Amino acid sequence: MSLNQLMVIDPAAITPSIEAYNRISKVAPLPVTYHLPALYNTDSLFSEYKNNLVNGIIILGSATSVNNTNIWQNKIVEILLDASKNNIPILGLCYGHQLIGKVFGGKVEPLWNGQIKQGNRLVHLKESSMWGELKSGQLLYSHQDGVTKVPHGFNVIASSDMVPIEAIASENKPIWGFQAHLEATNSFVKEHKMGPKGIQESFDFGHRLLDSFLFSLK
């Protein structure tokens with residue numbers, strides 16, 4: 001018998017986000033499956049998506065740009081479009097956010113002359129049915145690209161002094177994207193050699209936002 005489940009798609013091209021997945025699997029109110037299409041293959045993606053009742057999808061970050069051409073990204077896009085058609089909730093984080101922006105007709109470009117910037121920054125969220133009332137908090141980031149044109153049918157729901165399009169949400173589908181790493185854990189901080197300043201605050205705020213998506217799933 002197929003069970004309702006959450007798919008975590010990790011497009012990591014260098015280091016998998018296993019610690020973030022473990023945290024998600026502990027918090028999520030339904031079983032979670034983990035997929036590494038760039039480092040492994042896309043077989044598990046389609047096996048799980050076609051043979052089980054998928055009630056949510058999270059697409060994590062990647063060192064790869066969504067503007068690159070590769071087969072595994074095309075496979076994620078196939079699932080993303082079908083899930084959208086079937087109103088399956090989707091949350092994209094960093095690379096996932098940018099992929100949502102591009103797939104639905106927006107534009108993704110380098111923000112800082114091709115340089116990767118990282119750290120934590122103050123992000124301001126608008127009131128949302130998913131995240132609740134207007135709020136602000138520190139979030140961790142590591143990226144060079146960003147959504148520079150919002151897709152038709154999407155709204156900007158968060159911004160910062162550094163990035164005007166920090167988060168987007170579909171007007172009529174359960175689809176959200178965040179440029180920052182809401183899922184970040186200690187392994188993310190160590191991998192990116194970040195200092196301790198503001199890290200715990202960023203964890204707390206990011207995890208609360210991510211958990212809001214998890215708790216909305218059935």
Quiz item: If you take the residues of region 30-52 that are under 21 Å from Leu182 (Cα atoms) and among the hydroxyl-bearing types (Ser, Thr, Tyr), which of them is least open to solvent (accessible area, probe 1.4 Å)?
Solution: Thr33
Practice problem: Among residues belonging to region 149-169 that are over 18 Å from Gln138 (Cα atoms) and in contact with a helix residue (DSSP H, G or I) (Cβ under 9 Å, 6 or more places away or on another chain), point out the one that is least open to solvent (accessible area, probe 1.4 Å). | Solution: Pro151
Quiz item: Within region 10-104, which helices (runs of 4 or more DSSP H) (wholly inside it) include 3 or more residues that are more than 21 Å from Ser142 (Cα to Cα) and acidic (Asp, Glu)?
Solution: none
Self-check item: region 61-79 residues that are under 9 Å from Ala38 (Cβ atoms), paired with ones that are of a type in the set (Ser, Thr, Tyr) and part of a helix (DSSP H, G or I) (beta carbon under 8 Å, 6 or more apart)
Solution: Ser62/Tyr95; Thr64/Tyr95
Practice problem: Residue by residue through region 191-215, note down the ones that are in contact with a strand residue (DSSP E or B) (Cβ under 6 Å, 6 or more places away or on another chain) and in a helix (DSSP H, G or I). | Solution: Glu201, Ser202, Phe205, Gly206, Phe213
Quiz item: In region 13-29, how many are open to solvent by less than 50 Å² (accessible area, probe 1.4 Å) and modelled with pLDDT under 95?
Solution: 1
Quiz item: Can you name the residue in region 185-218 that is more than 21 Å from Pro16 (Cβ to Cβ) and in contact with a Pro (Cβ under 9 Å, 6 or more places away or on another chain) and is also surrounded by the fewest Cβ atoms within 10 Å (Cβ to Cβ) among such residues?
Solution: Lys218
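The values are calculated or read from the model by the stated rules, or taken from the named source; none is laboratory data. Keep in mind that what you see is a predicted model, and the values were worked out from it rather than measured. Here Cβ is always computed from backbone atoms with ideal geometry, including for glycine, and neighbour counts include all displayed protein chains. SASA here: full protein model, heavy atoms, side chains in, ligands and nucleic acids out. Shrake-Rupley method; radii C 1.70, N 1.55, O 1.52, S 1.80 Å.
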